[in-house]
Amino acid sequence: MTMPGLPMTGGCRCGAVRFRVTAPPIITSACHCAGCQRMTASAYSLSAAFPEAAYVITEGEPVIGGLHSPEARHHHCDHCKSWLFTRWGDMVNLRATMLDDPGWFEPFLETWTREKLPWASTPAQHSFEEFPPMDAFGDLIAEYRRRLGDG
């Protein structure tokens, strides 16, 4: 996988919200949960997780929709309703197809496979029936970094 140079830019479908990412992703994923299926009207959502400090809104003002919990909040464009990203702890889980150049993206792991549609498949290296255990993330992130050539 060859990631484009940094910074990467992107935005919503209508262009009202634009953003810039200044660091490589921590990890990439596809989520097969029923919630993501409904939010995307598709088989899964595609995400690239970035450190919060590396993600900057450069234009527009996203609104919260979908999840409204203190742990995770989905952010959307108020005009076209595109699901842009989810804030989760000190990370931003960006919908990968919101990038101007998403062609490099490939999910490294897939989650919630117990809810996946029978025909849905991804090239992910690791699959989890639910969410990976928190103690597995260190090794998964290190492996992903090696794959990017950054570790």
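Assorted remarks:
- The single residue among E106, E115, E110 that is modelled with pLDDT of 95 or more and more than 16 Å from the chain's Cα centre (by Cα) turns out to be E115.
- Any hit, region 133-144, residues being surrounded by fewer than 15 Cβ atoms within 10 Å (Cβ to Cβ), more than 17 Å from the chain's Cα centre (by Cα) and within 16 Å of C36 (Cβ to Cβ): no
- In region 106-135, the residues that are part of a loop (DSSP other than H, G, I, E, B) reach residues that are among the hydroxyl-bearing types (S, T, Y) with C-beta atoms within less than 6 angstrom, at least six apart or across chains, in these pairs: P107/T28; P107/S29; P107/T122; F108/T28; F108/Y144; F128/T111; E129/T113; F131/T111.
- Residue list for region 84-95, restricted to those being of a type in the set (A, V, I, L, M, F, W, C) and modelled with pLDDT under 95: W88, M91
- Picking from residues in region 121-132 that are of a type in the set (G, A, S) and touching a strand residue (DSSP E or B) at 6+ places or on another chain (Cβ under 6 Å), the one that is farthest from C33 (Cα to Cα) is A124.
Every residue, every condition in (1) assigned to a loop (DSSP other than H, G, I, E, B); (2) farther than 17 Å from T97 by Cβ, yes or no:
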{"residue": "R20", "(1), (2)": "no, no"}
{"residue": "P25", "(1), (2)": "yes, no"}
{"residue": "T28", "(1), (2)": "no, no"}
{"residue": "C36", "(1), (2)": "no, no"}
{"residue": "M39", "(1), (2)": "no, no"}
{"residue": "F50", "(1), (2)": "no, no"}
{"residue": "E61", "(1), (2)": "yes, yes"}
{"residue": "I64", "(1), (2)": "no, yes"}
{"residue": "L67", "(1), (2)": "no, yes"}
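The values are calculated or read from the model by the stated rules, or taken from the named source; none is laboratory data. The structure displayed is predicted, hence computed values, not measured ones. Please note: Cβ atoms are built from the backbone with ideal geometry, for glycine as well, and neighbour counts cover all protein chains shown.
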